[in-house]
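To start, the structure under review is shown below, and the notes come after it.
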Amino acid sequence: MRILALTDDYWHPARVPHEGLSSLAGDGFDFDWITDATEWSEDRMAAYPVTVLTKSNNVSAANRDLWMTATIEQAFLKYVRAGNGLVVIHSGAAGYQENAVLRGLMGGVFLQHPPQCQVTMTPRGDHVLTTGVSAFTVQDEHYHMALDDARADVFLMSKSEHGEQPAGWTRTEGRGKVCMLTPGHNVEVWLNPSYQKQIINALQFCSAENSREDTTR
């Protein structure tokens, strides 16, 4: 499956998610990258069944200008409603507090985090998204989230000395699916075997509707 990945912002250099996602090539995933948001277009994104957003609201690491406009928000909403998948990882939830349409699509946003610490991720055992995923502890930014959608399906929790937070949830929008995953500041988090499996599950889950449609053509 070929997937579009939006990466690179001031606090989160592209090399971290690139290394983490590229390691999934053996699991049948290939990624095309956009690190400069000026290269994004609605038509380009529409060519992919799943988009990964792991980019805060900066054009790039070198350009801190905001890139998420009202027009782009509407394009993301249209993309998912049409039956495509959006997987938001770590910094993809950050910097969009005032972007009401995108925030609604994601089901919530990043608020703040304490200094990096040991964070334990605990999957919900009866959820399709956590098949093959075991609890794991990593050094990470413990993202504190605003979970706006009371109907979002939470399948992963994070806990540290700073409390407990939702770390993974899904929601539907039209014919498409959205999956939020908050871990991922350090490359070691992305490469953790349990988190690798969690990302694989998210990508497969968000593309499932498209796969079913393809088999009926």
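Computed from the coordinates by the stated procedures, all read-outs in this text should not be read as laboratory data. The structure displayed is predicted, hence computed values, not measured ones. Here the Cβ is made from the backbone with ideal geometry for all residues, glycine too, and neighbour counts use every protein chain on show.
Computed quantities for the displayed model
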{"item": "Global geometry of region 1-94, whether rounded, prolate or oblate, following the gyration tensor of its Cα atoms and the 1.5 cut on a/c", "result": "oblate"}
{"item": "Cα-projected label distance for THR131 with GLN112, points at 7 Å along beta-carbon direction, nm", "result": "4.0 nm"}
{"item": "Neighbour cut-off at most 15 other Cβ (10 Å), DSSP loop, trypsin sites (Lys or Arg not before Pro), region 102-160", "result": "ARG124, ARG151"}
{"item": "Additional length obtainable on full extension of the chain from ALA82 to ALA100, 0.36 nm per residue less Cα span", "result": "4.5 nm"}
{"item": "Whichever aspartates and glutamates have a C-alpha closer than 13 Å to that of LYS159, once near sequence neighbours (fewer than 8 apart) are set aside", "result": "ASP140, GLU141"}
{"item": "Table column - 3J(HN,Hα) (Hz), region 163-170, Karplus curve with 6.51, -1.76, 1.60, x for Gly and Pro", "result": "x, 10, 9, x, 10, x, 8, 10"}
{"item": "FRET efficiency estimate (nearest 0.05) - Cβ-Cβ, ASP30 to ASP65, R0 35 angstrom", "result": "0.75"}
{"item": "Per-residue [θ]222 nm for the chain (sum of -39500 (n - 2.57) over DSSP H runs n ≥ 4, rounded to 500)", "result": "-8000 deg cm²/dmol"}
{"item": "Sites ARG124 and ARG15, calculated FRET efficiency, Cβ-Cβ separation with R0 35 Å, nearest 0.05", "result": "0.65"}
{"item": "Equivalent ellipsoid, region 90-159 (semi-axes from 5 times Cα gyration tensor eigenvalues, Å)", "result": "22, 18, 8"}
{"item": "Cα gyration tensor shape for the chain, rounded if a/c is under 1.5, else prolate or oblate", "result": "rounded"}
{"item": "Beta bridges by DSSP in the chain, antiparallel share as percent, to the nearest 5", "result": "60 percent"}
